Structure formats: structure tokens, C-alpha cells
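These notes are about the structure you will find just below.
The values are calculated or read from the model by the stated rules, or taken from the named source; none is laboratory data. Nothing here was measured: the structure is a model prediction, and the numbers come from that model. Heads up, the Cβs are rebuilt from the backbone with ideal geometry, glycines too, and the neighbour counts pull from every protein chain shown.
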Amino acid sequence: METKILLGEKEIPTHWYNIVADMPNPPPPPLGPDGSPIGPDALTAIFPHALIEQEVSGDRWIAIPEEIREIYQLWRPSPLYRAHRLERDLGTPAKIYYKNESVSPAGSHKPNTAVAQAWYNKQEGITRLSTETGAGQWGSSLAMAGNMFGMEVRVYMVKVSYHQKPFRRSMMQTWGAEVFASPTNQTEAGRRVLKEHPNSSGSLGIAISEAVEEAASRKDTNYSLGSVLNHVLLHQTIIGLEAKKQFEKAGDYPDVILASCGGGSNFGGVAFPFFADKAAGKSVRLVAVEPTSCPTLTRGHYAHDFGDTAGLTPLMLQYTLGHDFVPPGIHAGGLRYHGDSVLVSQLCKEGLVEAVAVPQLGTFEAGAMFARAEGIIPAPETNHAIRTAIDEALQCKQTGEPKTIFFNLSGHGHFDMAAYDQYFDGELEDCDYPREDIEAALEHLPKVAVG
Ligand SMILES: *Cc1c(COP(=O)(O)O)cnc(C)c1O
């Protein structure tokens with residue numbers, strides 16, 4: 001039996017899949033500060049036209065430019081693995097598959113959109129990109145992509161990660177990017193936070209405010225976001241599209257697809273192409289997995305909210321914990337975002353995709369078990385998907401069902417070994433997000449008169 005299901009470079013998909021074409025209801029538009037829908041023009045200060053067009057497109061297929069596919073060839077198509085050894089360790093009748101996105105140069109799925117975003121910006125004469133990064137996966141992906149097109153990249157890195165993950169910072173600098181510990185005193189948004197909280201350890205929301213402010217104030221600079229937006233999820237569908245071809249080769253099809261969910265691009269990337277089959281009547285469960293410490297989809301409010309802390313972004317209808325939410329310092333930095341993609345939120349609200357939350361300790365237990373079975377040491381974010389994949393497989397052991405379980409191995413954990421050390425030393429904790437804080441967030445949501 002095969003372990004790796006591989007595709008040739010000629011089989012890299014030629015188009016991204018836009019789920020909007022198959023959704024029963026159109027996604028709600030972003031709103032301006034006065035509560036009325038904003039047109040695409042309002043975004044031109046920070047995004048190139050081509051990406052804004054993708055953001056609002058209803059076309060099912062969007063062609064991937066040849067130059068982007070050439071760069072994808074450096075690591076794509078990524079392998080689909082059958083986790084024979086994990087299955088054996090679990091003693092499950094289930095079949096477990098995973099797509100290995102950790103083979104990209106930056107070590108996660110994020111370069112799939114970083115390369116695309118850098119290229120489209122370059123086409124429109126932009127020479128500098130600003131962005132935020134939490135744990136560093138996104139910043140390093142954009143640093144690599146920008147460098148490939150000779151662009152300057154400036155990264156606002158959440159301060160706590162800047163100090164916890166020095167080697168992610170070194171990676172960005174190796175690829176030529178400038179990295180700042182956010183909040184900085186270089187932007188209005190950063191200075192405002194520092195005035196109130198001089199020792200602020202930062203948050204993704206704050207770092208986004210800083211990066212957006214910089215992009216909005218300079219003609220040569222645009223802003224790049226690593227998740228959440230429709231065009232980012234679109235670029236990531238390359239993962240699910242390849243996986244569908246690989247399952248066809250394997251003569252199999254998943255019963256359940258699991259992916260960790262921060263802003264939603266990892267989940268959307270692997271799950272959306274299968275949604276097309278689901279919309280056509282096929283039975284397949286699509287499950288987004290989040291931490292109990294940042295339970296956006298499972299316990300958040302479905303409401304209009306900002307994407308950043310300072311309130312510079314348009315308002316988007318999404319599950320949110322409140323834009324001023326500062327999550328507990330769990331190690332899955334990529335999952336510590338207060339909001340979620342509009343598309344994933346809507347599908348969740350409409351019951352077309354599922355969401356579950358899992359506590360930190362169980363995710364590391366699952367990650368260690370996976371590493372010992374399959375060899376690859378997964379990122380803490382990825383461990384969330386692995387936890388639920390193992391739980392599904394153990395359930396199959398009880399029921400005797402030979403289900404086909406598929407998860408996305410979104411990244412490796414080579415820069416997260418300090419977190420594994422803490423886990424093995426018994427220093428990690430489960431931190432649930434308190435109900436009072438979730439209720440309090442409601443008070444801070446922007447008041448929008450819709451309709
Ligand atoms: C960023 C990241 C995630 C979460 O991705 P989203 O698109 O924000 O949901 C998951 N796994 C890894 C390894 C990541 O770097």
C-alpha cells in the first residue's frame with residue numbers, strides 16, 4: 001500500500017476555486033464606519049486592483065498566472081500521505097490521510113498566498129509591502145515571497161513572539177525583510193497602545209493596525225494579510241484542489257476533513273474545493289478546529305466587527321470575540337485571532353461546515369504522538385487538527401467504522417520546540433476563555449444599524 005500519493009508538476013492546478021459561486025447565499029459586503037456597504041474603491045489605498053477584484057468576484061474559477069505557478073513548483077504539488085503508522089499505533093479501522101504543507105520553504109501553507117499577493121502587487125507598481133505577523137509563519141512567508149520579486153517587506157511582529165521566536169525573525173531577515181516588535185512607536189496606532197499600556201506584549205489586532213496605517217500613508221506601499229480575506233482563502237484552495245486529484249489517484253474520498261482555524265485560510269484552502277462536491281449532494285463533513293482559549297467560531301458573537309484593534313479596517317460580518325480581545329498566551333500563535341473569515345463564519349452560521357474547540361494540552365499530546373508515529377514534528381497550530389483526527393479515529397475504533405479521515409498538516413514545528421519543551425516539562429496549561437470576557441466583548445462591538 002502506498003504511503004505518499006504524488007502528483008507531477010504539470011498537475012499543479014491552473015485555476016483557484018472560488019466558493020462564492022457555490023454558496024447558497026452571497027457573502028455580506030464589508031461596511032464603512034457609517035454602516036453602509038463600502039465599494040471596492042475604498043480598498044485601493046492598501047490593496048492592488050487585481051486582489052480587490054478577487055475579493056468580490058463571483059466567478060467559480062480564477063486563473064493562476066504562469067509566474068506564480070512557476071514559483072509554486074519549488075514545493076508544489078505537496079504530497080498527500082496515508083498515515084499507516086499512526087493508524088497502526090491507534091489500532092483504528094479508520095484510514096487517516098494528511099496533506100503535507102510543511103514542505104514549503106517557510107514551513108507552512110502560507111506561501112501559497114504570499115507568493116500570489118506579492119506578484120499581483122508588483123504587477124501594479126508597488127515596491128514595498130507591510131504586514132503583521134504573530135508567531136512568524138506569515139511574516140516569513142511574505143518575506144520570502146517579496147524577496148523573490150525584489151520587493152521591500154516590513155513586518156510588525158507581535159512583541160511577545162518577537163522575543164519568544166527569535167529564529168522566525170532571523171528567517172525574515174535572511175530573506176531581506178525588516179522586522180519590528182509591535183506595538184512600536186513608529187505609528188499612531190502603536191503609540192496610542194504604548195501610552196495606555198507601556199508594557200503591552202502586543203496582539204495580532206494591534207500589529208494589523210500598525211501595518212495598515214503604514215500602507216495607507218504611503219503610495220509605494222501596500223498591505224498584505226495572511227488569512228481572513230476572501231482572496232487569501234481563494235489562493236489557498238490550491239491545497240484542496242491538489243488533494244482531490246490525489247484522492248482520485250488513491251481511489252478514496254474523505255468522510256471528514258479537519259483543519260486548524262485561525263483566520264480561516266488553512267481550513268478554507270483544504271475544505272472549500274470539497275464543498276463544491278458537498279453542494280452537489282455528496283456527503284462530506286468539513287470541520288474547523290480552534291483552541292478553547294480563542295473560541296471564535298464556537299463561542300463568539302456573529303456580528304459586524306473590525307479586523308484590527310484600532311478600528312482602521314472595514315466592518316465585516318463574522319464570528320468575533322471583540323476586536324480588542326487579547327488572547328491568553330497559548331503557543332499556537334497562528335490561531336490567536338479575535339475574528340474569522342466572513343466566508344467561513346457564514347458557512348458555519350448556516351450549518352454547512354462545523355467547528356470544534358480543543359484545549360492546549362490535548363493538542364500537544366496529539367502532536368507528540370503523531371511525531372513518534374509519522375516522524376514529522378507538527379506546528380502547535382497543526383496539532384489542533386491532529387487532535388481531532390485522532391479523536392475521530394478512536395471513535396471509529398469504538399464503532400468499528402472504517403471512515404476516511406483527512407486533515408491538513410499546515411506546518412512543521414521546528415521553530416516551536418520551546419513550546420514542546422514546556423509541554424514535556426509539564427509547564428503548559430489549558431486556558432479556557434472566561435464566559436464573562438466573551439459577554440463583555442459584546443459591549444465593545446461597534447454599533448451598526450444594518451438595513
Ligand atoms: C497560520 C497558521 C494556521 C492558521 O491559518 P489560518 O489561515 O489563519 O486559519 C494553521 N497552521 C499553521 C502552521 C499556520 O502557520
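Can you say whether residue 31 is more than 20 Å from the chain's Cα centre (by Cα), more than 22 Å from residue 6 (Cβ to Cβ) and not acidic (Asp, Glu), as far as the supplied structure shows? Judged against the criteria, residue 31 is a match. Consider region 403-421 and keep the residues that are assigned to a helix (DSSP H, G or I) and exposed (fewer than 15 other Cβ atoms within 10 Å of the Cβ). The one that is farthest from the ligand (Cβ to nearest atom) is 421. Quick one: in region 95-145, which of the residues that are β-branched (Val, Ile, Thr) and within 14 Å of residue 168 (Cβ to Cβ) is surrounded by the fewest Cβ atoms within 10 Å (Cβ to Cβ)? This residue is 131. When 343, 312, 297 are checked against the criterion of being in a loop (DSSP other than H, G, I, E, B), under 22 Å from residue 446 (Cα atoms) and not basic (Lys, Arg), 312 stands alone in meeting it. Filter region 148-180 for residues that are crowded, with 24+ Cβ neighbours inside 10 Å and of a type in the set (Val, Ile, Thr); which is farthest from the ligand (Cβ to nearest atom)? Out of the qualifying residues, it is 153.
Does region 353-372 contain any residue that is acidic (Asp, Glu) and either out of contact with any Ser or Thr (no Cβ under 9 Å at 6 or more places or on another chain) or within 11 Å of residue 294 (Cα to Cα) (or both)? So far as region 353-372 goes, yes, one or more of its residues are acidic (Asp, Glu) and either out of contact with any Ser or Thr (no Cβ under 9 Å at 6 or more places or on another chain) or within 11 Å of residue 294 (Cα to Cα) (or both).
Looking at region 57-147, the strands (runs of 3 or more DSSP E) lying wholly inside it that each contain 1 or more residues that are within 15 Å of the ligand (Cβ to nearest atom) sit at 95-100, 128-133.
Picking from residues in region 38-56 that are of a type outside the set (A, V, I, L, M, F, W, C) and in a loop (DSSP other than H, G, I, E, B), the one that is nearest to residue 126 (Cα to Cα) is 48.
Under the condition of being touching a residue at least 60 places away in the same chain (Cβ under 8 Å) and surrounded by 15 or more Cβ atoms within 10 Å (Cβ to Cβ), the residues counted in region 58-81 number 10.
For region 270-287, the count of residues that are out of contact with any helix residue (DSSP H, G or I) (no Cβ under 6 Å at 6 or more places or on another chain), within 12 Å of the ligand (Cβ to nearest atom), within 21 Å of residue 20 (Cα to Cα) and among the hydrophobic types (A, V, I, L, M, F, W, C) is nonzero. Scan region 92-107 and give yes if some residue there is without any contact (Cβ under 8 Å) to a residue 40 or more places away in the chain, closer than 25 Å to residue 229 by Cβ and not aliphatic (A, V, I, L, M), otherwise no. Looking through region 92-107, at least one residue is without any contact (Cβ under 8 Å) to a residue 40 or more places away in the chain, closer than 25 Å to residue 229 by Cβ and not aliphatic (A, V, I, L, M). Residue 349 fulfils the conditions (1) buried (at least 21 other Cβ atoms within 10 Å of the Cβ); (2) within 25 Å of residue 32 (Cβ to Cβ); (3) without any contact (Cβ under 8 Å) to a residue 60 or more places away in the chain except for a single criterion, (1). Scanning region 49-71 for any residue that is at pLDDT 95 or above and within 20 Å of residue 140 (Cβ to Cβ) turns up at least one such residue.
Taking the condition over 23 Å from residue 20 (Cβ atoms), over 22 Å from the mean Cα position of the chain (by Cα), crowded, with 17+ Cβ neighbours inside 10 Å and of a type in the set (Ser, Thr, Tyr), does residue 92 pass? Criteria met by residue 92. In region 302-334, which residues are over 24 Å from residue 28 (Cβ atoms) and not β-branched (Val, Ile, Thr)? Matches in region 302-334: 327, 328, 329, 331, 332, 333, 334.
Scanning region 192-242 for residues that are surrounded by 22 or more Cβ atoms within 10 Å (Cβ to Cβ), in contact with a Lys or Arg (Cβ under 7 Å, 6 or more places away or on another chain) and at pLDDT below 95 gives 202, 204.
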